[in-house]
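**Student:** The structure under discussion is supplied below as structure tokens; questions concerning it will follow.
The values are calculated or read from the model by the stated rules, or taken from the named source; none is laboratory data. Note that the structure is a prediction, hence the values are computed from the model and not measured. We place every Cβ from the backbone using ideal geometry, glycine too, and count neighbours over all the protein chains shown.
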Number of protein chains: 2
Amino acid sequence: MTTIALLQFDPTVGDLDHNGRRLAALAHQALSGGAKVGISTELAVCGYPPRDLLMERDFVERSMTAALTLETPLPVLVGTPIPAEDERTLPTNGVVRAGPAFATITGDEHGRIVAEKQLLPTYDVFDEARYFTPKNRSGLARSFGGFTLGVTVCEDAWQSAGMTPSSYTQDPIEHIAEWCRQGVDIDATVNLSASPFHSEKFTTRLAVARHAAAVLGHPFLLANQVGGNDDLLFDGRSLAVWPDGRAVVAPSWQEGVLIVDITSPEACRWVASEAEDALAIGEAPLMHLEASDDGTGMMDAIEELTNAVVAGLADYCRKSSITSVVLGLSGGIDSAVAACVAVAALGAEKVTGLAMPSRHSSQHSIDDALHTAEALGMTHHLHEIDAMHTSVEGVLGEVLANGHPVAAENLQARLRALLVMGYANANASMAITTGNKSEIAQGYCTLYGDMAGGYAPLGDVYKMEVYAMAERFNQRAEASGRTAPVSTSTMTKPPSAELAPDQTDQDSLPPYDELDAILRSHIEGGLNTDDLIARGFDAATVMDVLQRLERNEHKRWQMPPAPRVSPRAFGQGWRRPLASNHDWRR
Amino acid sequence: MTTIALLQFDPTVGDLDHNGRRLAALAHQALSGGAKVGISTELAVCGYPPRDLLMERDFVERSMTAALTLETPLPVLVGTPIPAEDERTLPTNGVVRAGPAFATITGDEHGRIVAEKQLLPTYDVFDEARYFTPKNRSGLARSFGGFTLGVTVCEDAWQSAGMTPSSYTQDPIEHIAEWCRQGVDIDATVNLSASPFHSEKFTTRLAVARHAAAVLGHPFLLANQVGGNDDLLFDGRSLAVWPDGRAVVAPSWQEGVLIVDITSPEACRWVASEAEDALAIGEAPLMHLEASDDGTGMMDAIEELTNAVVAGLADYCRKSSITSVVLGLSGGIDSAVAACVAVAALGAEKVTGLAMPSRHSSQHSIDDALHTAEALGMTHHLHEIDAMHTSVEGVLGEVLANGHPVAAENLQARLRALLVMGYANANASMAITTGNKSEIAQGYCTLYGDMAGGYAPLGDVYKMEVYAMAERFNQRAEASGRTAPVSTSTMTKPPSAELAPDQTDQDSLPPYDELDAILRSHIEGGLNTDDLIARGFDAATVMDVLQRLERNEHKRWQMPPAPRVSPRAFGQGWRRPLASNHDWRR
């Protein structure tokens, strides 16, 4: 009676039927694995984040019913929104008991609520004060499959460790610790989480869990959501941590069950999801960490980033019923890496690449594009755009000749989008964009041109990281005896949009290593102009970079969703006024 | 000593210098008008909504400094974010005293804080719990230019009237009323507001103000923001209401000063802003309402809608430094009305229309398009797209012939976007889209085609309302002796995208009156499939409409901002998960 299963679940937001079936299947795997009880992730029945669906009472009620009627072969704590008693009160983010004892709705389900979230994160990608009423009492599940469990929901555990951007007035972990001091005999405290991924997030989450276990004096078990929903990624890596700091960590980017023996870290096991379409990206080792190991050693930053980006696209497509994608291949580094991502996510047979040279394209660009397509084994086509270009010039020639030169450059990018979208629409595929975070931040991209597409796999990846990902994809290919997909020429030539003769990106932008450093310090680190100059960056460059960043806010609002892999992405977590925010920073 | 000026201000979000200068100028006009004190709108120094700028401490501190150093010739209560004492606490949404007594920062400004917002709306377009700490004490400004004023901020007044979607645990109006009962002698209670517009919102706001005045037993004065910021519109219509229900209402869509004599509604006056670029759309009468008048009589719904849409585009352009726009003219009702809006907002000389007939366009479409352009006096050009179309077919012919027919239709819309964007980029203009809410809701529009543009003036206007706006623009033209810009042919012909031979919108969609009724009942009224069928709508039609609505969520996330004129728009107030929300409603 010492085994608890953490159901590391990849829900589809809003798909209550699918989520219910999948949770039940994971619970069966947990039972087969010897577990006595199961713990789901946060809001598992409806998936996280449900956003404004939570403002529809109908949706909240159906979610609650789905949780209460979940047919599981062992007792499971299930995350679900819980409707309020009256129309003018928001629901709570709660946890209910499901299991063999419960088959039908009897009208007496209130007693099955074991916890309701107390700390509602409302910053960055989180908006929970918008959707939920906070509660002020920690959860306790007594006589639950033989256990007594403290029950918390995600953020509830973070105040204790001081790991939230602002302070809450209560501390659920301390609350449970106080019960223990008063003599309540708690076997473990569980935490139902949907804790999003970003680079290096895991070490923070581990620190939070260790802090909780130390304060509580008993094991702390965190079941984390895995997979992508919209632009949010969840890495999984469910955890069990003991008060002495030892930890067991489930794999990232895998759906499955972490079977935790609360008396023995060594006895813990990982059982991968048996579902045919279950997310399973990258290696899947179960990690055992000693107290002295802060988890940084288990992270290979580029491997992590690459798997995250692949998982994001794979899950976005599966959950949106998109079975194939199409993209432009320019011979440059971004489109080469985007193609690698797409093939890793969907398989080469589901990816079509279009090489679309213009009058300004060099032969090496065409060669490099074809090299990537052939090495990856994907379908590809070559279409010259010059005839179309000439045809449009026949209509627009005078306007272009007398106007800003960017108009003529954009035209080529938009002609390519026309072809990519033509393929996508004709074949019921999704176009993906190839732009990276550095160029998008600077507006070095064309609206309705290279920004056209349903998903931007590299939209939160800085340019220098794109190069590192290219190396990683090449290493992976070579390790398995395949041709490296990104050619040496693509890796080493000066980046160019090739929209004007002899153009290079560095005609308009600082060198990418410098640009990335400035952007990262500003966007992720919060440094302003003065701070950046004080750190030694060139003043004129800093001013240029930050001005372009602000001026292109308009464009970014029309960007397709991009998997969030950095601590601050453009999108939900970078929600600035669209017009007119240009002056205060001067 | 009975005169208070409500500064009905049109701030530019983030532009602290501009806002400070403009507020000072309005305060000068207030003084000239005989006022003893001035009351600004909510967060006047930084504009509303500042969104995630509020998460930058630097921005909050500069805003506070701007408020404290505002040079006004009479005492003014100024709305500003107020930084918290420590880094881990959010700022408050507050009000400080400014005026002749204060010239420099002395380090002793804490005493100048007179109120901090208590009720933080966090629903629909509001996200204030994300940005602010709520306070639990109502504001009082004693010895303020000879007055003692209760001070509240926007939502603070709404709980008392029961006009919020969910309940708050405190009631600031009741709090001030209790002070009055305890003998505090309050002359009036003021409310600094940024209360957004939507159709029929004013009657609700008036009811809230009357409720407050009745509970308080003294005049209640509400200074409301005016103008557009991003997709939010603020109609102004600042109010003074007496306990007996009499009310004085400032004009909508005008910047200026409402001079309120708290002893005499009849003595109140409106002074329009003297700033050269001040917002001034539509008629500007000062309204006096008797207690029995609920305000509905002062509303002409279509006049209101038309002015709102014009104000939105005008302000968006001014605040984004956009001086001219370009749009496609199809001869259809949407582009005709969009052209009318653009000309009303910016002047005919700032608007360029492109008629771009395809092989499927009828001669009457071309004639109708040219009629609108000529009647409005705007620049226009005619470009056949057939040669370009043929040229692209040379590249993509086989893909189009063997693929989904929508691909070939979209191609034409995207060729037009290519030309519109070519003009826009070459001439540093902004493209505007012409689509309406009904078709956008159904995905009856083309990504990177007719959806291409920086602003969607009709994006929150239902199709039947577009017809009504057309009639209104025609009436306005005829009343001033000009040619009606929307031809009878445009008004009466069956709507058609003209992307395939003999195509009409009703091949794919239900009749627009029925479609609009279903959409409005669902989006604004919250009715689900069952509810709609119970109301007598055809079941198959309802299912089709709601399925198309959900399936096209992806597209709408890439829509440009549209002025919010209905109680629920797409955008901030309709923030649903992007992928995978398709199943729960089945």
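Residues checked against (1) hydroxyl-bearing (Ser, Thr, Tyr); (2) away from chain A (no Cβ under 14 Å); (3) more than 20 Å from B:ASP294 (Cβ to Cβ):
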{"position": "B:VAL184", "(1), (2), (3)": "no, yes, yes"}
{"position": "B:VAL190", "(1), (2), (3)": "no, yes, yes"}
{"position": "B:LYS201", "(1), (2), (3)": "no, yes, no"}
{"position": "B:THR204", "(1), (2), (3)": "yes, yes, no"}
{"position": "B:ALA214", "(1), (2), (3)": "no, yes, no"}
{"position": "B:ALA223", "(1), (2), (3)": "no, yes, yes"}
{"position": "B:ASP230", "(1), (2), (3)": "no, no, yes"}
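**Student:** Restrict the check to segment B:447-470 and report whether at least one residue is among the basic types (Lys, Arg) and over 30 Å from B:TRP557 (Cβ atoms).
**Tutor:** Taking segment B:447-470 as the starting set, the residues that turn out to be among the basic types (Lys, Arg) are B:463.
Filter again for over 30 Å from B:TRP557 (Cβ atoms), leaving none.
Looking through segment B:447-470, none of the residues is among the basic types (Lys, Arg) and over 30 Å from B:TRP557 (Cβ atoms).
Residue-by-condition table, conditions (1) assigned to a loop (DSSP other than H, G, I, E, B); (2) touching a residue at least 24 places away in the same chain (Cβ under 8 Å):
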{"site": "A:LYS135", "(1), (2)": "yes, yes"}
{"site": "A:THR164", "(1), (2)": "yes, yes"}
{"site": "A:THR169", "(1), (2)": "yes, no"}
{"site": "A:ILE176", "(1), (2)": "no, yes"}
{"site": "A:GLY183", "(1), (2)": "yes, no"}
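**Student:** Shifting gears a bit: Where in segment B:219-280 are the strands (runs of 3 or more DSSP E), entirely inside, with at least 1 residues that are of a type in the set (Gly, Ala, Ser) and assigned by TED's automatic domain parsing to the domain that holds B:LEU192?
**Tutor:** On the way: elements: B:220-224, B:226-229, B:232-235, B:239-241, B:247-249, B:256-261, B:269-272.
Qualifying strands (runs of 3 or more DSSP E): B:220-224, B:226-229, B:239-241, B:247-249, B:256-261, B:269-272.
**Student:** With A:ALA35, A:ALA67 as the choices, which residue is buried (at least 23 other Cβ atoms within 10 Å of the Cβ), under 30 Å from B:GLY526 (Cβ atoms), small (Gly, Ala, Ser) and more than 10 Å from chain B (Cβ to nearest Cβ)? Break it down stepwise before answering.
**Tutor:** On the way: A:ALA35 fails: under 30 Å from B:GLY526 (Cβ atoms).
The conditions single out A:ALA67.
**Student:** Do we find that B:THR3 is surrounded by 21 or more Cβ atoms within 10 Å (Cβ to Cβ), at pLDDT 95 or above and either of a type in the set (Ser, Thr, Tyr) or outside the structural domain of B:PRO251 (by TED's automatic domain parsing) (or both) in this structure?
**Tutor:** Details: surrounded by 21 or more Cβ atoms within 10 Å (Cβ to Cβ): yes; at pLDDT 95 or above: yes; either of a type in the set (Ser, Thr, Tyr) or outside the structural domain of B:PRO251 (by TED's automatic domain parsing) (or both): yes.
It is true that B:THR3 is surrounded by 21 or more Cβ atoms within 10 Å (Cβ to Cβ), at pLDDT 95 or above and either of a type in the set (Ser, Thr, Tyr) or outside the structural domain of B:PRO251 (by TED's automatic domain parsing) (or both).
Yes/no matrix, rows are residues, columns are (1) without any contact (Cβ under 8 Å) to a residue 40 or more places away in the chain; (2) away from every other protein chain (no Cβ under 14 Å); (3) more than 26 Å from B:ASP124 (Cα to Cα):
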| site | (1), (2), (3) |
| --- | --- |
| B:LEU54 | no, no, no |
| B:ARG57 | yes, no, no |
| B:PRO81 | no, no, no |
| B:THR92 | no, no, no |
| B:VAL95 | no, yes, no |
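**Student:** Further question: Is it the case, given these coordinates, that B:LEU6 is more than 14 Å from chain A (Cβ to nearest Cβ) and within 23 Å of the chain's Cα centre (by Cα)? Reasoning before the result, please.
**Tutor:** Values: more than 14 Å from chain A (Cβ to nearest Cβ): yes; within 23 Å of the chain's Cα centre (by Cα): yes.
Against the criterion (more than 14 Å from chain A (Cβ to nearest Cβ) and within 23 Å of the chain's Cα centre (by Cα)), B:LEU6 qualifies.
**Student:** Right, next: Quickly run through segment B:418-427 and pick out the residues that are touching a residue at least 40 places away in the same chain (Cβ under 8 Å) and not hydroxyl-bearing (Ser, Thr, Tyr).
**Tutor:** Kept after step one, since they are touching a residue at least 40 places away in the same chain (Cβ under 8 Å), are these residues of segment B:418-427: B:419-420, B:423-424, B:427.
B:LEU419, B:VAL420, B:ALA424, B:ASN427 - these are the residues of segment B:418-427 that are touching a residue at least 40 places away in the same chain (Cβ under 8 Å) and not hydroxyl-bearing (Ser, Thr, Tyr).
**Student:** Hey, does segment A:476-496 have a residue that's closer than 30 Å to B:LEU415 by Cα and more than 14 Å from chain B (Cβ to nearest Cβ)? Step through it out loud before you land on a result.
**Tutor:** Of segment A:476-496, the ones closer than 30 Å to B:LEU415 by Cα are A:495-496.
So of that shortlist, the ones also more than 14 Å from chain B (Cβ to nearest Cβ) come out as A:495-496.
Yes.
**Student:** Go through segment A:141-162 and give me each residue that's part of a loop (DSSP other than H, G, I, E, B) and within 16 Å of A:PHE126 (Cβ to Cβ).
**Tutor:** A:TRP158, A:GLN159
**Student:** For segment A:75-128, list the strands (runs of 3 or more DSSP E) that sit wholly inside it and hold at least 1 residues that are touching a Cys at 6+ places or on another chain (Cβ under 9 Å); which are they? Before you say what the answer is, go through the steps one by one.
**Tutor:** Working: elements: A:76-82, A:92-98, A:113-116.
The qualifying strands (runs of 3 or more DSSP E) are A:76-82, A:92-98.
**Student:** Can you tell me how many residues within segment A:199-223 are within 17 Å of the chain's Cα centre (by Cα) and farther than 21 Å from A:PRO165 by Cα?
**Tutor:** First, the residues of segment A:199-223 that are within 17 Å of the chain's Cα centre (by Cα): A:199-205, A:223.
Pick out the ones that are also farther than 21 Å from A:PRO165 by Cα and you get A:223.
The number of residues fulfilling the criteria is 1.
**Student:** Moving on. Anything in segment B:75-104 that is of a type in the set (A, V, I, L, M, F, W, C) and surrounded by fewer than 18 Cβ atoms within 10 Å (Cβ to Cβ)? List them, or say none.
**Tutor:** Here is the first cut: in segment B:75-104, the ones of a type in the set (A, V, I, L, M, F, W, C) are B:76-78, B:82, B:84, B:90, B:95-96, B:98, B:101-103.
Hits for segment B:75-104 are B:ALA84, B:ALA101, B:ALA103.
**Student:** Take segment A:324-344 and flag every residue that is within 14 Å of chain B (Cβ to nearest Cβ), over 15 Å from A:SER365 (Cβ atoms) and either surrounded by fewer than 24 Cβ atoms within 10 Å (Cβ to Cβ) or not β-branched (Val, Ile, Thr) (or both).
**Tutor:** Scanning segment A:324-344 gives a single hit, A:SER324.
**Student:** Working only within segment A:192-217, note down all residues that are free of Cβ contacts under 8 Å to residues at least 40 places away in the same chain and over 25 Å from A:ALA301 (Cα atoms).
**Tutor:** Hits for segment A:192-217 are A:ALA213, A:ALA214.
**Student:** Scan B:LEU279, B:LEU289 and give me the residue that is at pLDDT 95 or above and under 17 Å from B:GLN225 (Cα atoms).
**Tutor:** On the way: B:LEU289 fails: under 17 Å from B:GLN225 (Cα atoms).
Step by step, each of B:LEU279, B:LEU289 is checked, and only B:LEU279 is at pLDDT 95 or above and under 17 Å from B:GLN225 (Cα atoms).
**Student:** Does A:ASP108 meet the test of being in the same structural domain as A:ALA157 (by TED's automatic domain parsing), at positive phi and among the charged types (D, E, K, R)? Steps first, answer last, please.
**Tutor:** On the way: in the same structural domain as A:ALA157 (by TED's automatic domain parsing): yes; at positive phi: no; among the charged types (D, E, K, R): yes.
It is false that A:ASP108 is in the same structural domain as A:ALA157 (by TED's automatic domain parsing), at positive phi and among the charged types (D, E, K, R).
**Student:** Scan segment B:230-277 residue by residue and report those that are crowded, with 24+ Cβ neighbours inside 10 Å and among the basic types (Lys, Arg).
**Tutor:** Result: B:ARG237, single match.
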